[in-house]
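Student: Next up is a structure, given as structure tokens.
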Amino acid sequence: MTSSDSSPGTLPPGTLTFAFLGLGAMGDPMARHLAAGEHELLVWNRTASKAEAFAAETGAQVAQLADLTRADLLISCLPTSAEVDELLSSLPNLKPGAVWLDCTSGHPDAARRQAEMLSLRGVTFLDAPVSGGVAGAESGQLTVMVGGDADTLERIKPLLTFAGQITYVGPTGAGFAVKAINNALLAVNLWAAGEGLCVLAGAGVDVSAALSVINASSGRSNASQNLIGQRVLTREFPATFKLGLLAKDADIALDVVRQVKGSAPLLAQVGGLIRGASRIIGEGEDHTAALRLIEQMNGQVLRGSG
Ligand code: NDP
């Protein structure tokens, strides 16, 4: 099959050319799994020096935007759909039959617009945000939630070597909607656990002991089990997932709520708190640093005893 007789979402047999766009905290470790595989990998990053360092380490090739015309599968992982729009507006012609997998935690409306725009160029767009954090990207165990054409996803699934679970969730935009609601739930659990622990600290309870009990009890969550002990009680707050990005996800979730005329006052309230925390604590801080605002609200510091 030649590229000229390809139909959208139909990849040619044999060695493929991948292009990875955006080597940030997530993109870099995701792209490393692709670089270790059998297919050719082009990498593009706004700050070109990162792409050059990545290529030198992995054997991938640094791409200019004009080179993307060769790619069979393009994977983007940028902060928001706005940066994806920006990139799409400066692209060369793409290969007819190519697939664009956007792993950004983007906006469902943008996905629908972008899918339509790319389909006019013979390219199939899938919204495919990921979950599992930097650790999941490094271990190749990300959860990927995909919206768009299910048959195209089936064809490219074996190529997504950064994933532990790939789930088709519905038409274009559904992947972004699921991701936004998932992260709104992360925000709710994180915020609620922070409030609870600050109250217990105020009552004179050892917060390490309290967290250990909660993690063996019904109040536990991913935030209590995998984030608060490791990032907050240690006072390390390693910036792997920026607070500003969590605020963006919570905002998208609220757009989804509004679009379906839903009633989700808890998501709205926590979304507002996370947006405020991002502004006060700093959008570039780790998302767990939102608890610093709760500490200020309670006159407490959550410090581990062990
Ligand atoms: P980072 O901020 O670490 O990386 C962002 C990437 O986007 C960088 O490559 C950056 O390039 C590039 N970029 C920023 N602005 C532009 C622009 N205007 N034009 C082109 N490229 C741009 O973000 P993450 O990797 O943490 O997040 C990426 C996406 O993944 C986000 O949507 C996030 O919500 C989501 N996500 C993040 C997780 C995490 O744990 N970090 C977990 C799951 C999802 P440059 O190097 O030049 O700055």
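The values are calculated or read from the model by the stated rules, or taken from the named source; none is laboratory data. Source: prediction; values computed, not measured. Counting neighbours? That spans all protein chains shown, and the Cβs are built from the backbone with ideal geometry, glycine included.
Student: Would you point out which residue out of Val130, Val144 is within 18 Å of Thr240 (Cα to Cα), touching a residue at least 40 places away in the same chain (Cβ under 8 Å), within 16 Å of the chain's Cα centre (by Cα) and within 12 Å of the ligand (Cβ to nearest atom)? Quick ask: steps written out before the conclusion?
Tutor: Numbers: Val144 fails: within 18 Å of Thr240 (Cα to Cα).
Checking each option against the conditions leaves just Val130.
Student: Cβ-Cβ under 9 Å, sequence separation 6+ or interchain: first residue in the stretch 15-30 and β-branched (Val, Ile, Thr), partner modelled with pLDDT of 95 or more and part of a strand (DSSP E or B). Which pairs?
Tutor: Between residues of the stretch 15-30 that are β-branched (Val, Ile, Thr) and residues that are modelled with pLDDT of 95 or more and part of a strand (DSSP E or B), the close pairs are Thr15/Glu40; Thr17/Glu40; Thr17/Leu41; Thr17/Leu42; Thr17/Leu73.
Student: Where in the stretch 208-306 are there helices (runs of 4 or more DSSP H), lying fully within it, with 3 or more residues that are of a type in the set (Asp, Glu)?
Tutor: Values: elements: 243-259, 265-281, 290-298.
Here the list reads 243-259.
Student: Please verify whether Pro265 is in contact with a helix residue (DSSP H, G or I) (Cβ under 7 Å, 6 or more places away or on another chain) and modelled with pLDDT of 95 or more, treating the condition exactly as stated.
Tutor: No; evaluated as a whole, the condition is false for this residue.
To keep it simple, each residue is scored yes or no on (1) surrounded by fewer than 20 Cβ atoms within 10 Å (Cβ to Cβ); (2) away from the ligand (no atom under 15 Å from the Cβ).
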site	(1), (2)
Ala203	yes, yes
Ser208	yes, yes
Ala216	yes, yes
Arg220	yes, yes
Val232	no, yes
Ala239	yes, no
Lys242	no, no
Asp251	yes, no
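Student: Here's something else I'd like to know. If you go through the stretch 94-130 one residue at a time, how many are touching a Gly at 6+ places or on another chain (Cβ under 6 Å) and of a type in the set (A, V, I, L, M)?
Tutor: 4
Student: Residue by residue through the stretch 49-102, note down the ones that are within 12 Å of the ligand (Cβ to nearest atom), closer than 19 Å to Glu38 by Cα and either among the small types (Gly, Ala, Ser) or at pLDDT below 95 (or both).
Tutor: none
Student: Which number in (1) surrounded by fewer than 24 Cβ atoms within 10 Å (Cβ to Cβ); (2) touching a residue at least 40 places away in the same chain (Cβ under 8 Å); (3) in contact with a strand residue (DSSP E or B) (Cβ under 9 Å, 6 or more places away or on another chain) marks the one condition that Met117 misses?
Tutor: (2)
Student: So is Ser278 polar (S, T, N, Q), within 19 Å of the chain's Cα centre (by Cα) and more than 14 Å from Val188 (Cα to Cα) or not?
Tutor: yes
Student: Sticking with this structure for a sec: Has the stretch 172-185 got at least one residue that is assigned to a strand (DSSP E or B) and away from the ligand (no atom under 15 Å from the Cβ)? Even if it seems obvious, please write down each step before you answer.
Tutor: First, the residues of the stretch 172-185 that are assigned to a strand (DSSP E or B): none.
No.
Yes/no matrix, rows are residues, columns are (1) hydrophobic (A, V, I, L, M, F, W, C); (2) buried (at least 20 other Cβ atoms within 10 Å of the Cβ):
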residue	(1), (2)
Ala135	yes, no
Gly140	no, no
Leu160	yes, yes
Gly164	no, no
